[in-house]
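**Q** The structure's right below; bear with me while I get my questions together.
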């Protein structure tokens, strides 16, 4: 299994975003394990070129880079469990749930 690579595009990294990222990190550690995923937080106000390179035109947007296919989820990341079930999916039916 390859490492799950994610990018989160936000417009300003405020305390709410930081807390949501921390919650998502805890959920990711529990589901896929520490060291099996990475998350880059990109503030589009500071690095607009990264958003353009990734075809991200609205925030917040969570992008799954690896595994393919690339997946983009537009909207808040407050519902970590629901988001996790989508981004951790490899497209195959999950028999364990």
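**Q** Kindly evaluate residue 86 against the criterion of being crowded, with 17+ Cβ neighbours inside 10 Å and either without any contact (Cβ under 8 Å) to a residue 40 or more places away in the chain or not in a strand (DSSP E or B) (or both). Walk me through how you get there before you give the answer.
**A** Numbers: crowded, with 17+ Cβ neighbours inside 10 Å: no; either without any contact (Cβ under 8 Å) to a residue 40 or more places away in the chain or not in a strand (DSSP E or B) (or both): yes.
The answer is no for residue 86.
**Q** A further question follows. Go over the candidates 25, 91, 76 one by one and state the one that is modelled with pLDDT of 85 or more and either under 11 Å from the mean Cα position of the chain (by Cα) or closer than 18 Å to residue 3 by Cβ (or both).
**A** That would be 25, the only listed residue that is modelled with pLDDT of 85 or more and either under 11 Å from the mean Cα position of the chain (by Cα) or closer than 18 Å to residue 3 by Cβ (or both).
**Q** Test each condition in (1) under 18 Å from residue 79 (Cβ atoms); (2) assigned to a loop (DSSP other than H, G, I, E, B) for residue 8 and report the one that comes out false.
**A** (2)
**Q** Which one of 68, 39 is under 19 Å from residue 15 (Cα atoms) and either under 10 Å from the mean Cα position of the chain (by Cα) or in a loop (DSSP other than H, G, I, E, B) (or both)?
**A** Criteria check complete, one pass: 39.
**Q** Right, something else. Starting from region 27-47, take each residue that is farther than 22 Å from residue 60 by Cα and list its partners that are buried (at least 17 other Cβ atoms within 10 Å of the Cβ), counting only C-beta distances under 7 angstrom and pairs at least six apart or across chains.
**A** Cβ pairs passing all conditions: 31/84; 31/88; 32/4; 32/88; 36/4.
**Q** Among the numbered conditions (1) touching a helix residue (DSSP H, G or I) at 6+ places or on another chain (Cβ under 7 Å); (2) touching a residue at least 40 places away in the same chain (Cβ under 8 Å); (3) closer than 16 Å to residue 86 by Cα, tell me where residue 73 comes up short.
**A** (2)
The values are calculated or read from the model by the stated rules, or taken from the named source; none is laboratory data. Bear in mind that the values here come from a model prediction, so they are computed numbers and not experimental data. Positions of Cβ are backbone-derived with ideal geometry, glycine not excepted, and every protein chain shown enters the neighbour counts.
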